[in-house]
Amino acid sequence: MGDRLRVYGRHLPLYSTVIFGGVGQSPQVKALRRGVDVLVATPGRLLDLYEQGHVDLSEVQHFVLDEADRMLDMGFSKDVERILRLVPRKRQNLMFSATMPKAIGELANQMLHRPVHVDISPEAPTTDRIEQYVAFVQKADKRQLLIDLLEGQMVACGIVFTRTKHGANRLAKQLSKVGIPSDSIHGDKSQTARTRALEAFRNGDVFVLVATDIASRGIDVEDITHVFNFDLPNEPEVYIHRIGRTARAGREGLAYSFCDETESGYLVGIQQLLDEEIEVLEEQPYHFEKARPKPGQKPGRVKGAPVGGRSRRGTGRGSNMRRYNRGGPNANDRSRRGGPRNGDGGGGRNTSNRKSGQKSGRPHRPSGGKPPQPNRHRGKQQGRSNASNRNRPNRSNRRQPRRDDRS
């Protein structure tokens, strides 16, 4: 937000600064002492500096609450209420929220006086440039399915969404152990750690970023090729925000969602919002039919769903997964995703440098073709890790999906 303010206001006689937690406060206090016209702040750091006498809120004329839904999700409702008591009663209020749950309506009634409501939500979500797939899988098999997909498609710029902060940390470590450079980003990490993770992701040092919904709001990377919903969101609108991280700036992208038996109701809500059914990734070795939504099932979490045993369908070398290799569904079918790699096998990475800004489209998958499947040609843990590192691109050479010649 601070960067955008500087860009938009560079020809205006306004001085702005940003204050937030997780970093030292001295530079922020120094900036405040010069006086500011626009202050961008997180609630916690704002109240902290106010209590220390570094911030005077007595002359605030405009109060803007951005991303109000996430502010409440992060537990800042009490802080926001306190800030409202500190600013002058006579002021202009503006509140922005991607979703409008009941709690946001209550906050709006408390904060706003005879407000004008502006709704800019599209009638139908724009997902035309995103190929979406859902895999029905047991919770215990999600991690291995993710590894198979990441390795099978040589993903070098992808985001994985988890429901919890602990889950994000654990998954990022597990991916790194098998040779997939990964890091996590969530609200419990310091600002310095989050900034470091984002820079590594942008620079290509990290191929996969594991994030929670709240922390992902700060991710601004245009050439993300893949989004993975490791855990389905309980709000359909959040799904749209997640997959919208790919297919930016005219590009196209891929979105994979993992649905276990307790999440089938969430999938129902998502498909109702999309007004279409998401294509099922059935030919994967962990397919769990019981996770599929029942006819007439209502949106929401399934209560008391049994965990069940682990299911491994077709995991041996003689399984139907053998025909799928890295980068594409079939080594002999060059019309499918990725194209040839050195003349033998599935598509390899495009070695164009991410930083060059070169746009590259996603290849067309012919009607009736199969979606990319997980790679099942894996040996022991160490061998898989080394093979993964050998075949991945240089850190600065991220893969962009390529569009095959349709003529």
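The values are calculated or read from the model by the stated rules, or taken from the named source; none is laboratory data. A quick note: this is a predicted structure, and the numbers were derived from the prediction, not measured. Please note: Cβ atoms are built from the backbone with ideal geometry, for glycine as well, and neighbour counts cover all protein chains shown.
When you scan region 216-224, do you find a residue that is within 23 Å of D69 (Cα to Cα) and crowded, with 22+ Cβ neighbours inside 10 Å, even just one? No, region 216-224 has no match at all.
When region 203-232 is filtered for residues that are closer than 25 Å to L145 by Cα and charged (D, E, K, R), the ones remaining, listed by number, are D205, D213, D223, D231. Screening A193, A249 for residues that are within 21 Å of Q132 (Cα to Cα), of a type in the set (A, V, I, L, M) and surrounded by fewer than 17 Cβ atoms within 10 Å (Cβ to Cβ) leaves exactly one candidate, A249.
Take the conditions in a strand (DSSP E or B), surrounded by 23 or more Cβ atoms within 10 Å (Cβ to Cβ) and aromatic (F, W, Y) and apply them to Y266. Does it pass? Taking the combined requirement at face value, the residue does not satisfy it. The condition of being touching a His at 6+ places or on another chain (Cβ under 9 Å) and of a type outside the set (D, E) holds for only one of Q138, Q110, Q92, that being Q92. Here the condition is being touching a Leu at 6+ places or on another chain (Cβ under 6 Å) and more than 27 Å from V7 (Cβ to Cβ); of L86, L47, L107, it holds for L86 alone.
The set of residues in region 34-52 that are of a type in the set (S, T, N, Q) and either in contact with a Lys or Arg (Cβ under 6 Å, 6 or more places away or on another chain) or farther than 20 Å from L94 by Cβ (or both) contains only Q52. Kindly evaluate R85 against the criterion of being among the basic types (K, R), within 22 Å of T212 (Cα to Cα), out of contact with any His (no Cβ under 8 Å at 6 or more places or on another chain) and outside the structural domain of P233 (by TED's automatic domain parsing). The answer is no for R85. Whenever a residue of region 135-150 is closer than 15 Å to A255 by Cβ, its partners that are among the hydrophobic types (A, V, I, L, M, F, W, C) and assigned to a helix (DSSP H, G or I), lying with C-beta atoms within less than 9 angstrom and at least six residues away or across chains, give the pairs A135/L145; A135/L149; A135/A291; L146/L171; L146/L175; L150/L175. Only a single item in (1) modelled with pLDDT under 50; (2) under 21 Å from F230 (Cα atoms); (3) touching a helix residue (DSSP H, G or I) at 6+ places or on another chain (Cβ under 7 Å) is not met by P299, and it is number (1). Considering each residue of region 66-78 in turn, none proves to be modelled with pLDDT of 90 or more, within 30 Å of V238 (Cα to Cα) and either crowded, with 16+ Cβ neighbours inside 10 Å or assigned by TED's automatic domain parsing to the domain that holds K165 (or both).
For every residue, the table says whether it meets (1) at pLDDT below 95; (2) exposed (fewer than 12 other Cβ atoms within 10 Å of the Cβ).
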site: V87; (1), (2): no, no
site: M100; (1), (2): yes, no
site: G105; (1), (2): yes, yes
site: E123; (1), (2): yes, yes
site: Y133; (1), (2): no, no
site: R143; (1), (2): no, no
site: D148; (1), (2): no, no
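Note on region 163-174: residues that are surrounded by 22 or more Cβ atoms within 10 Å (Cβ to Cβ) and either free of Cβ contacts under 8 Å to residues at least 40 places away in the same chain or closer than 19 Å to F288 by Cβ (or both) amount to 1.
Those helices (runs of 4 or more DSSP H) of region 140-259 that lie entirely within it include none in which at least 2 residues are on the phi > 0 side of the Ramachandran plot, within 13 Å of the chain's Cα centre (by Cα) and among the aromatic types (F, W, Y). Taken over region 181-223, residues that are in contact with a Ser or Thr (Cβ under 6 Å, 6 or more places away or on another chain) and in contact (Cβ under 8 Å) with a residue 60 or more places away in the chain amount to 1.
A Cβ distance below 7 Å, combined with a sequence gap of six or more or placement on separate chains, defines the contacts here; from region 240-266, residues that are touching a residue at least 12 places away in the same chain (Cβ under 8 Å) reach residues that are buried (at least 22 other Cβ atoms within 10 Å of the Cβ) and in a helix (DSSP H, G or I) in the pairs A255/I243; Y256/L149; F258/L145; C259/L267; C259/A291; D260/A291; E261/A291; S264/A291. Summed over region 53-67, residues that are within 24 Å of K189 (Cβ to Cβ) and free of Cβ contacts under 8 Å to residues at least 24 places away in the same chain total 0. Taking residues in region 8-31 that are surrounded by fewer than 11 Cβ atoms within 10 Å (Cβ to Cβ), and partners anywhere that are not in a helix (DSSP H, G or I), the pairs with Cβ atoms closer than 9 Å and at least 6 places apart or on different chains are P13/D37.
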